[in-house]
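Student: Dropping a structure here in structure tokens format, bear with me for questions.
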Amino acid sequence: MPGLEGVHGDVFVRCPDLGDTIVKRPTVFISSTAEDLKPTGYRAAARDAALAAGFYPEMQEYWAAKDNPPLRECLAKVAGADVLVVIVAYRYGWVPPDQQEKNAKKRKSITWLECEKARADGKKVLVFLVDKDHPWSQELREEHEVTLAIQQRKATPELLAEVQWRVGRLDDFKAWLNTRTRATFTTSNDLRSKIQSALSQWSREHLGMDEPPPRISDPDRYLRTLYEETSHIDIRGLQVESGKAQRFPIDDLYIPLKTILADESKASRRSRKGKEEARLGMEGRQPIELHGALKHRKLVILGDPGAGKTTFLRRIAYGLCNTRLGLSAKTTAKALGLEKDAFPVLVRISDLVDHIEGCCGKEQSAPHNKVLPGWLSHFLAARNAEEKTGLDREFFDEIIANGRAVFLLDGLDEAATREQRECIAELVTQAARHLEKCRFVVTSRPPAFEGKAILPDFTQVRIEPLEDPAIKGFLTRWCNAIFVGSERQAQQHCDELLKAVRARADIRRMARNPVMLTALAVVYWHEKRLPEQRADLYESIITWLSRSRKRDPDRLTAEACVSRLQELALAMQQHPEGRQVQVSRRWAAEQIAREWPRGPGQSERHRIEVAQEFLAARAIAARPEAEATPILLTPADSPRLYLPSWREVVLLLAGVLHKQGHRKVDAFITAVLESVRGDTSLADQARCAGLLGAAVRDLSAVGYRPADPRYQELLDRVMGIF
């Protein structure tokens, strides 16, 4: 973008009044206690003043994962700033234990040390003290801790001495500040006005500028790129007369998803009556449209594979792009119940993980810790530099600071390892806590959302399966989109398709999943029939995808391509760092050990992602039993088949094996049962029973029952605890 240059993460702007002079946008470090000045809005007022004056505000909220980051980190941020603003009221604040002063009675607060660092570096310190005559809550004073302790009958001489020391040191700090130019403030608006005025004066003195440098970052290119990515739904494997894959406007095919707000039944979940009452409490509530859950600033959407999580986020991004670009459309910020100036930030969590892994400890400008909120803007800046949208890290920091960002974080479960999921969960938790005005919507498959990967204080919702009206609504939209301009043909095809979907209970169950329903529609379009079982459905999908490629004599046959893809899918499942949904072309080529149609080197999310689990199951089923069993049952202390990322592989494997004969399924179930030894804990037995039970239920459409009597014995032992 003309006039904008990035140099080592710094942002420069051309100022018309200064000709061709390049002026660095200055940085102000905002220093204050947080426990009293953040919840009362004073820190936000300082941030807004800095932005209005043309400064970049360096604040702990952007780069600290915890309330008390290391002293060296704080002082390094001060060293990188041009000027420091300090705000002081009636709290002394955190006293770093790792400071040079060894005498505990003379130790200084972090705010004091930051001011000293700025002065030592020759930087201006702008001091703002609360007006002593301005009313101030007792709860926000150091003395309140003693009052509270007395009320609770927990007061001790040690506590009194500690508070007296803090009050005395606060007086010492204020006396030190009083030797410098200072101003007093009352309300947050008063503070904002005075800080903006002081920073503007600093700009005039140091930059010779009467006005702050103009922002020239234009988000239109970013928004239009995002709009193009989210405005349509691509249906692969669908061929009509044109012979090309179809792209449907998202508003033409999208059907509202339903959910039950999990937090509405929180009380019953925590009650003494336990899970049964929680279940009854959830059943007693009426589902609402999923977009209604957007009223919650921090939201987690749980859903099975294909439930519509990604499409839902894409539709939010699409609607916000419509509003920001001034486009007339059905889906807008208003229709979604969001603010008209909300700024969409759509992120695949697996991409964010890759970025953090690739940059942490390797780039000087990158956050030093993997859970710091600053990774969000660092990632966005890097991605937009690659896409050449003209937006830099400062732009995203400002959008985030102003609270306009809507973070749409897709696929927590796609972080390959438990450690990575927990890392991202901590990062998002810290970001949501510090960035109090921004919105966060996170999606995940339920099995991966557990333990430390759970986001505290986030409202949880789970996408409900499609009901009959929604299924009919989607198929009606589908047929109208296929038979454009022919209402009679559209209605006839819709009636036939609905009849086929409703004909069998197993198909009706499959149709309750949006992706499965779409696949059913594609398969019916081509085959005029519907499969009986999920594995058969996937087989049909893979067949049509492989045959829909443009024919080329130099290309592999469709069958050979699928064979290679299934080997690649299994390799991605078995990756040393956990299940991968994106790999480099070079790595992919190495796994299939023969030429790949594209050259190596770049990272690419392959087409196999939607059916990756099925292809992996197909690869396992193609192996001899002696080779296939260890893939699932190793390592012995944590077999792969119980990992969340392998569950779908196991369920589909049962279906693939059944096509080879029921004895193949029997052998698979027997191998799993033999891994459950006599000394296996009841919890592990229950885990095994749950997995095998799900696989058997998947085969109920073909009447399969395990021949091994140990299967029923296992179920009886596990159910005995109830």
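The values are calculated or read from the model by the stated rules, or taken from the named source; none is laboratory data. All values reported here derive from a predicted model rather than from experimental measurement. Glycine gets a Cβ as well: all are built from the backbone with ideal geometry, and neighbour counts include every protein chain shown.
Student: Just for helices (runs of 4 or more DSSP H) wholly inside the range 604-722: which have at least 3 residues that are in contact with a Leu (Cβ under 9 Å, 6 or more places away or on another chain), closer than 30 Å to G411 by Cβ and not assigned by TED's automatic domain parsing to the domain that holds G451? Give the steps one after another, and end with the answer.
Tutor: Working: elements: 612-621, 625-633, 647-659, 662-674, 682-698, 709-719.
Passing ranges, in order: 612-621, 625-633, 647-659, 682-698.
Student: Take the range 709-722 and flag every residue that is within 28 Å of I507 (Cα to Cα) and touching a residue at least 24 places away in the same chain (Cβ under 8 Å). Walk me through how you get there before you give the answer.
Tutor: Just the residues of the range 709-722 that are within 28 Å of I507 (Cα to Cα), to begin with: 711-712, 715.
Correct list: Y711, L715.
Student: So, in the range 505-530, exactly how many residues are surrounded by 22 or more Cβ atoms within 10 Å (Cβ to Cβ) and outside any helix (DSSP H, G or I)?
Tutor: 2
Student: Out of the range 628-645, which residues are under 22 Å from E539 (Cβ atoms) and without any contact (Cβ under 8 Å) to a residue 60 or more places away in the chain?
Tutor: Residues satisfying the conditions are A628, L632, L641.
Student: Select, from L160, L170, L148, the only residue that is at pLDDT 95 or above, in a helix (DSSP H, G or I) and out of contact with any strand residue (DSSP E or B) (no Cβ under 6 Å at 6 or more places or on another chain).
Tutor: Working: L160 fails: at pLDDT 95 or above; L148 fails: at pLDDT 95 or above.
After applying the criteria, what remains is L170.
Student: Being at pLDDT 60 or above and not in a strand (DSSP E or B) is the filter here; which residues of the range 239-254 pass it? Can you show your working first?
Tutor: First, the residues of the range 239-254 that are at pLDDT 60 or above: 246-254.
Selection gives I250, D251, D252, L253, Y254.
Student: Yes or no: the range 294-313 includes at least one residue that is at negative phi, over 17 Å from the mean Cα position of the chain (by Cα) and surrounded by fewer than 20 Cβ atoms within 10 Å (Cβ to Cβ).
Tutor: For the range 294-313, residues at negative phi, over 17 Å from the mean Cα position of the chain (by Cα) and surrounded by fewer than 20 Cβ atoms within 10 Å (Cβ to Cβ): present.
Student: Right, here's the next one. Based on what the data block shows, is T111 at pLDDT 85 or above and not in a loop (DSSP other than H, G, I, E, B)?
Tutor: Numbers: at pLDDT 85 or above: yes; not in a loop (DSSP other than H, G, I, E, B): yes.
It is true that T111 is at pLDDT 85 or above and not in a loop (DSSP other than H, G, I, E, B).
Student: Taking the residues in the range 45-55 that are modelled with pLDDT of 85 or more and of a type outside the set (D, E, K, R) as candidates, determine which candidate is farthest from I110 (Cα to Cα).
Tutor: Only one residue fits best here, namely A53.
Student: Does S540 meet the test of being in contact with a helix residue (DSSP H, G or I) (Cβ under 6 Å, 6 or more places away or on another chain), without any contact (Cβ under 8 Å) to a residue 24 or more places away in the chain and surrounded by fewer than 20 Cβ atoms within 10 Å (Cβ to Cβ)?
Tutor: Values: in contact with a helix residue (DSSP H, G or I) (Cβ under 6 Å, 6 or more places away or on another chain): yes; without any contact (Cβ under 8 Å) to a residue 24 or more places away in the chain: yes; surrounded by fewer than 20 Cβ atoms within 10 Å (Cβ to Cβ): no.
It is false that S540 is in contact with a helix residue (DSSP H, G or I) (Cβ under 6 Å, 6 or more places away or on another chain), without any contact (Cβ under 8 Å) to a residue 24 or more places away in the chain and surrounded by fewer than 20 Cβ atoms within 10 Å (Cβ to Cβ).
Student: Any idea which of V649, V696, V676 is touching a helix residue (DSSP H, G or I) at 6+ places or on another chain (Cβ under 8 Å) and either at pLDDT below 90 or of a type in the set (S, T, N, Q) (or both)? Even if it seems obvious, please write down each step before you answer.
Tutor: On the way: V649 fails: either at pLDDT below 90 or of a type in the set (S, T, N, Q) (or both); V696 fails: either at pLDDT below 90 or of a type in the set (S, T, N, Q) (or both).
Of V649, V696, V676, the one residue that is touching a helix residue (DSSP H, G or I) at 6+ places or on another chain (Cβ under 8 Å) and either at pLDDT below 90 or of a type in the set (S, T, N, Q) (or both) is V676.
Student: Please go through the range 363-400 and give me each residue that is aliphatic (A, V, I, L, M), more than 13 Å from D351 (Cβ to Cβ), surrounded by 24 or more Cβ atoms within 10 Å (Cβ to Cβ) and out of contact with any Cys (no Cβ under 7 Å at 6 or more places or on another chain), ordered by number. Give the steps one after another, and end with the answer.
Tutor: Within the range 363-400, the first condition is being aliphatic (A, V, I, L, M), and the residues that meet it are 366, 371-372, 376, 380-382, 385, 391, 399-400.
Among the residues that remain, those that are also more than 13 Å from D351 (Cβ to Cβ) are: 366, 371-372, 381, 385, 391, 399-400.
Right, trim to surrounded by 24 or more Cβ atoms within 10 Å (Cβ to Cβ) and you get 372, 400.
Once the filter is applied, which keeps residues that are aliphatic (A, V, I, L, M), more than 13 Å from D351 (Cβ to Cβ), surrounded by 24 or more Cβ atoms within 10 Å (Cβ to Cβ) and out of contact with any Cys (no Cβ under 7 Å at 6 or more places or on another chain), the range 363-400 yields only L372.
Student: In addition: Could we say that T476 is buried (at least 21 other Cβ atoms within 10 Å of the Cβ), not in a loop (DSSP other than H, G, I, E, B) and not hydrophobic (A, V, I, L, M, F, W, C) here? Explain how you work it out, then say what you get.
Tutor: Details: buried (at least 21 other Cβ atoms within 10 Å of the Cβ): no; not in a loop (DSSP other than H, G, I, E, B): yes; not hydrophobic (A, V, I, L, M, F, W, C): yes.
Here the answer is no, as T476 does not meet what is asked.
Student: Check V127 against each of (1) under 19 Å from Y92 (Cα atoms); (2) surrounded by fewer than 18 Cβ atoms within 10 Å (Cβ to Cβ); (3) of a type in the set (V, I, T) and name the one condition it does not meet.
Tutor: (2)
Student: Count, please, the residues in the range 84-106 that happen to be in contact with a helix residue (DSSP H, G or I) (Cβ under 8 Å, 6 or more places away or on another chain) and either part of a loop (DSSP other than H, G, I, E, B) or buried (at least 21 other Cβ atoms within 10 Å of the Cβ) (or both). It would help to see each step written out before you state the result.
Tutor: Within the range 84-106, the first condition is being in contact with a helix residue (DSSP H, G or I) (Cβ under 8 Å, 6 or more places away or on another chain), and the residues that meet it are 84-96, 98-99, 105.
Filter once more, keeping what is either part of a loop (DSSP other than H, G, I, E, B) or buried (at least 21 other Cβ atoms within 10 Å of the Cβ) (or both): 84-96, 98-99.
Residues meeting the conditions: 15.
Student: If you don't mind, there's one more thing I want to ask. Pull out all pairs, ordered by first then second residue, where Cβ-Cβ is under 8 Å, the residues are six or more apart or on different chains, the first lies in the range 155-182 and is under 12 Å from S109 (Cα atoms), and the second is polar (S, T, N, Q) and part of a helix (DSSP H, G or I).
Tutor: Close Cβ pairs satisfying both conditions: F173/T111.
Student: Collect the residues in the range 136-145 that are in a loop (DSSP other than H, G, I, E, B) and exposed (fewer than 13 other Cβ atoms within 10 Å of the Cβ), keeping them in residue-number order.
Tutor: Taking the range 136-145 and keeping what is in a loop (DSSP other than H, G, I, E, B), we get 136-137, 141-143.
Answer for the range 136-145, where residues must be in a loop (DSSP other than H, G, I, E, B) and exposed (fewer than 13 other Cβ atoms within 10 Å of the Cβ): just S137.
Student: Please verify whether P469 is assigned to a loop (DSSP other than H, G, I, E, B), out of contact with any Ser or Thr (no Cβ under 9 Å at 6 or more places or on another chain) and modelled with pLDDT of 90 or more, treating the condition exactly as stated.
Tutor: Details: assigned to a loop (DSSP other than H, G, I, E, B): no; out of contact with any Ser or Thr (no Cβ under 9 Å at 6 or more places or on another chain): yes; modelled with pLDDT of 90 or more: yes.
In short, no.
Student: Considering only the range 337-364, state which residues are outside any helix (DSSP H, G or I) and either outside the structural domain of F312 (by TED's automatic domain parsing) or of a type in the set (V, I, T) (or both).
Tutor: Step one: list which residues in the range 337-364 are outside any helix (DSSP H, G or I), which gives 337-348, 360-364.
Hits for the range 337-364 are V345, V347.
Student: Taking only the range 405-425 into account, find how many residues are of a type outside the set (A, V, I, L, M, F, W, C), surrounded by 20 or more Cβ atoms within 10 Å (Cβ to Cβ) and at negative phi.
Tutor: Initially, the range 405-425 is screened for residues of a type outside the set (A, V, I, L, M, F, W, C), giving 410-411, 413-414, 417-422.
This time we only want the ones that are surrounded by 20 or more Cβ atoms within 10 Å (Cβ to Cβ), so: 410-411, 413-414, 420-421.
Those left that are additionally at negative phi: 410, 413-414, 420-421.
Of the residues in the range 405-425, 5 are of a type outside the set (A, V, I, L, M, F, W, C), surrounded by 20 or more Cβ atoms within 10 Å (Cβ to Cβ) and at negative phi.
Student: OK, next. Which of the residues that make up the range 83-96 are at pLDDT 95 or above and out of contact with any Asp or Glu (no Cβ under 8 Å at 6 or more places or on another chain)?
Tutor: Within the range 83-96, V83, V85, I87, V88 meet the criteria.
Student: Related question: What single numbered condition from (1) modelled with pLDDT of 85 or more; (2) assigned to a strand (DSSP E or B); (3) surrounded by fewer than 19 Cβ atoms within 10 Å (Cβ to Cβ) fails to hold for A76?
Tutor: Single failed check for A76: (2).
Student: Here are the criteria: (1) closer than 30 Å to T40 by Cα; (2) surrounded by 19 or more Cβ atoms within 10 Å (Cβ to Cβ). Tell me which single one I463 does not satisfy.
Tutor: (1)
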